[in-house]
Amino acid sequence: MSQIRSKMEAESWLAEKLREEGPDLWKDRQREELARKLAQDYRPGGPKWRVEEWTQRPEGVSVCVVTRGGVLGIHSVDDPKEARRKADAIVRALEALDDQMRGSRQTL
């Protein structure tokens with residue numbers, strides 16, 4: 001099991017995991033930017049990750065919020081099913097990062 005000792009290592013690890021979890025969900029640049037944002041906001045430990053559906057008002061735009069007690073990010077797309085697929089892929093990647101961090105006993 002590899003050790004993740006920095007935000008930069010977490011970013012690289014997350015980009016690869018997102019590629020595995022949802023190879024058709026993001027273009028390479030989008031995946032790298034998302035991994036950078038997730039690594040920056042990531043904090044080890046805490047409750048389980050979950051996806052919450054939410055509708056912005058007054059526009060009525062459907063979004064999926066990836067959260068673990070607080071909001072980590074909001075992902076909005078025209079297709080609510082695709083938004084859910086993306087959010088689910090992000091949750092799987094973050095749960096895998098949690099497992100990775102527990103195994104290496106590191107903090108970012």
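Here are some notes:
- Taken along the Cα-to-beta-carbon direction at a fixed 7 Å, the label points for Asp88 and Arg50 span 1.7 nm.
- Counting only residues at least eight positions apart within a chain, or on another chain, the lysines with an alpha carbon under 17 Å from that of Lys17 are Lys7, Lys27, Lys37, Lys86.
- Extension gain from Glu20 to Ala96, taking 0.36 nm per residue of separation minus the Cα-Cα distance: 26.2 nm
Where a number appears in this text, it was derived from the coordinates with a stated rule and is not lab data. Quick caveat: nothing in here was measured; it's all calculated off a predicted structure. Positions of Cβ are generated from backbone atoms using ideal geometry, with glycine treated the same way; all protein chains shown enter the neighbour counts.
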